[in-house]
Amino acid sequence: MEGSQLPVEVNGFGRMEHALLRSSLHRLSRLALAELTLEEVLLQVAELAVQVTGADGASVRLKETDRLDAVVSTTPLMAKISAMELRLGEGPGLGMAGADTIIAAGALASDPRWPRFGPRAVRLGIWSALSLPLTGDDGAFGIITLYASAKDAFDDDTERCGSIFADVAATVVGNAHALTCALRFTERLQASIGTRPDIDRAIGILMGRAGISAEEAFERLKKISQFEHKKLHLVATDLVEQARRAANRPPAAPGPVSTVGVGNGPGGGMGVQLPPQGRGGVFVRSAAMES
């Protein structure tokens, strides 16, 4: 993409549109080589999309399977619009159910697709929207949504230009997302490996204390985790630490001993050692034991 060859569709644009699209595609291609976080890539994509289409601002939403969707916006107003869409459960930034095609709106106030979102957006000064899906082999995985304060701000040429941009952006975002997912998996794996020894030690401690099997000890750990609303490895770490402190605790010093003589003389008597007050047990020592 860094060369002079651009998609054939670019040839139908005017000189200014051609230059903007060429510049944006060139910058997109360089994002793949930059060491950026996923959020930084999404923000760069959003800003370039604004440049290509002449919008007032944009948001990019990326679907996540194991966490909240990633959303970035170019301005505070765009962030407010995105949050409102999420709160209402409707709007061009959420796409249409099962759709991976471009969504355009030039008069949000009366658009029947978003009866609650449209009027609210207009009150914030937004009349037009253009949503460009980011698609991969399995369909749409994200969406770029552009907003403008003018009515009918996005014409057919803008849609075509945005579509070309989104096709390239999908590859860049898809690669960044795949890398981020791989890094997250590696971090979780390393964390799991790092905590496994404590879990094994905790199982051993419970087995020794309660005389139960490893499976029963593990189930007991899980129940403690659920009851205390703590992660399993934290419960295990606490148990191991408690056992370590108990093992390192010095033994209690012996208390003073009183001896009381009982019997009929030196040879036939015996002594009774009385432990200090509060301690149980009596030790009886006979004179014969000392001879």
Long-range amide H partners of residue 70 with built H, under 5 Å
62, 64
First obtain the Kirkwood hydrodynamic radius of the stretch 85-221 from its Cα pairs, then insert it into the Stokes-Einstein equation at 37 °C and 0.692 mPa s, and state the resulting D in µm² per second as a whole number.
174
Calculated over the stretch 8-183: convex hull of Cα atoms, volume per residue (Å³):
112
Can you list the aspartates and glutamates whose alpha carbon sits under 13 Å from that of residue 151, skipping same-chain ones fewer than 8 residues off?
56, 111
Give the separation of the Cα centroids, the stretch 204-222 to the stretch 163-185, in Å.
45
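Scale the Cα Rg of the stretch 191-247 by the rule-of-thumb value 2.2 N^0.38 Å and send over the ratio, two decimals.
1.03
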Which lysines, on any chain, are close to residue 63 with Cα under 20 Å apart, when same-chain ones fewer than 8 places away are left out?
80
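A short reminder: the numbers here are calculations on the coordinates, not readings from a lab. From a predicted model like this one, the values you see are computed outputs, not experimental measurements.
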